[in-house]
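Visitor: Sharing a structure, written as C-alpha cells. Questions coming.
Each value in this text was obtained by applying a stated rule to the coordinates, not by laboratory testing. All figures in this text were calculated on a predicted structure; none of them were measured in a lab. Here the Cβ positions follow ideal geometry from the backbone for every residue, glycine too, while neighbour counts run over all protein chains shown.
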Amino acid sequence: MNKQITFAVSRFDGETSYIQTYQLDYQSGKTVLWWLNAIKEEQDPSLTLTVACRAGLCGACALQVNGDPVLACETLLDPLLMQGQVKIEPLNAFPLVRDLMLDWRGAIARMKSIHPWLEVENDQTSSTGCVQTQMEYQEVKPYVACIGCGICASVCPALAGEGFIEPFLFVKARRLIVDSRSSDRSRQAVLKAVRPYLQNCLHCGLCEEACPKSVSPEKAVSSMVTDV
C-alpha cells in the first residue's frame, strides 16, 4: 500500500471559511503547486488558487504551508512534511476572493498612489535610449529581484496597525528613486508619497527573512528615511 499524504486546505466560499482535507499517494520531489494541481485535477476541481508563470517569477502562487509563507511553484513539499500531514492556507495580509485566491485590489491601489514606475528625463529619447553604466545599475540591483508576491506583507507586524503599506511597495519606490534614468520630478513625487509611512516601520527584518528572492524592504525604508 502506498504511503499517503493528508492535505488540510483552507477553503472560503465567499462567506464561510472552513478546512477541507484531501489524501493523495505520496510522490517524492514534487512542489507544493504540483500537489495542489493534483488535488484540483483528480479530486476537487472547485479548489481555487492563483497560478501564472510556474517558475518563481511572478509571485502569483504565494501561500502558507504549515504556517510558513512560500512560493508554491518553487517549494518542494518533502522538507515541509510533518508526519504525513500538510496544512495549506492563503497569505494572511490580504482579503480573500475564494479559497487560496487573494484580493489584490487594495494593494494595487496603494501601489498606484505612490507612482513607482519609471518617468525619464526629457533628454532621454527613443533614439538615445535610457542607458545606464554598470555602476548606476548596481544602485538599482538590490531591488530589481522583487516580484511583488506579497510574502513580506504576510509577516509584517507593522501592517497590523494603521499608517503602513505593504513592504514590497517600499522596494518599488526605492528602486525608482535610485534609478539614474528617473526624472527629479518623479523621484520627489515618489518620496513624498511614501514619506508618511516610513517612520512606522518596526525594522524587525522579518520581511527580508521571509522574502523568497532575498530582497530587503527594511533596507529600502532605512535608505529613504535618510532621503527625507
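Visitor: So, with +1 on the Cβ of K and R and -1 on the Cβ of D and E, and no other charges, what is the size of the charge dipole of the chain about its Cα centre, to the nearest 20 debye?
Guide: Once rounded to the nearest 20, the dipole reads 300 debye.
Visitor: So which DSSP H runs in the chain come out at 18 Å plus along the axis (Cα) with average Kyte-Doolittle of at least -1.0? Can you show the working numbers first?
Guide: Details: long enough: 184-198 (21 Å, -0.57).
Qualifying helices, which must be both long enough and hydrophobic enough, are 184-198.
Visitor: Then there's this: (i) 1, 6, 9, 10, 8, 7, 7, 6, 6, 6, 6, 6, 6, 5, 3, 2, 1, 1, 1, 1, 1, 0, 0, 0; (ii) 1, 6, 13, 16, 16, 13, 11, 9, 6, 4, 3, 1, 0, 0, 0; (iii) 1, 6, 13, 18, 19, 16, 12, 7, 4, 2, 1, 0, 0, 0: which one is P(r) over Cα pairs in 5 Å bins from 0, in percent as calculated from this entry?
Guide: Recomputing P(r) over Cα pairs in 5 Å bins from 0, in percent here picks out (ii).
Visitor: Report the equivalent ellipsoid semi-axes for segment 4-101 in whole Å, largest first, defined as the square roots of five times the eigenvalues of the gyration tensor built from alpha carbon atoms.
Guide: Working: eigenvalues 69, 52, 32 Å².
Those come to 19, 16, 13 Å.
Visitor: Given +1 on the Cβ of Lys and Arg, -1 on the Cβ of Asp and Glu, and no further charges, what dipole in debye does segment 3-89 carry about its Cα centre, rounded to the nearest 20? Mind showing how you got there, number by number?
Guide: Values: 6 positive and 10 negative charges, 30 e Å.
Charge dipole of segment 3-89: 140 debye, to the nearest 20.
Visitor: Among GLY106, LEU118, SER154, pick out the residue whose Cα is farthest towards the positive end of the charge dipole of the chain, where Lys and Arg carry +1 and Asp and Glu carry -1 on C-beta, about the Cα centre.
Guide: So the residue we want is LEU118.
Visitor: Determine the calculated [θ] at 222 nm for the chain from helices alone, applying -39500 (n - 2.57) to every DSSP H run no shorter than 4 residues and normalising by the residue count; nearest 500 deg cm²/dmol.
Guide: On the way: 8 runs with 80 residues, N = 228.
Value at 222 nm, helices only, nearest 500: -10500 deg cm²/dmol.
Visitor: Once Rh for segment 152-226 is found with the Kirkwood sum over Cα pairs, what is the Stokes-Einstein diffusion coefficient at 4 °C and 1.567 mPa s, in µm²/s? Don't skip to the answer; put the middle values down first.
Guide: On the way: Rh = 12.5 Å.
The calculation lands on 104 µm²/s.
Visitor: While we're on this one: May I ask you to derive the FRET efficiency for GLU42 and CYS204 from their Cβ-Cβ distance with R0 = 41 Å, giving the value to the nearest 0.05? The partial results should precede the final answer.
Guide: On the way: r = 41 Å, r/R0 = 1.00.
Plugging the Cβ-Cβ distance into 1/(1 + (r/R0)^6) gives 0.50.
Visitor: Once fully extended, how much extra length lies between GLN85 and ARG195, figured as 0.36 nm per residue of separation less the alpha-carbon to alpha-carbon distance? All intermediate terms of the calculation are to be shown ahead of the outcome.
Guide: On the way: separation 110, 0.36 × 110 = 39.60 nm, distance 4.44 nm.
Working it through step by step, the gained length comes to 35.2 nm.
Visitor: Further question: Filter LYS30/LYS112; LYS40/LYS213; LYS40/LYS112; LYS30/LYS213; LYS112/LYS219 down to the pairs with a C-alpha to C-alpha distance above 32 Å, please. Present the calculation step by step, with values, prior to reporting the outcome.
Guide: Details: LYS30/LYS112 37 Å; LYS40/LYS213 28 Å; LYS40/LYS112 34 Å; LYS30/LYS213 20 Å; LYS112/LYS219 22 Å.
Distance filter (> 32 Å) returns LYS30/LYS112; LYS40/LYS112.
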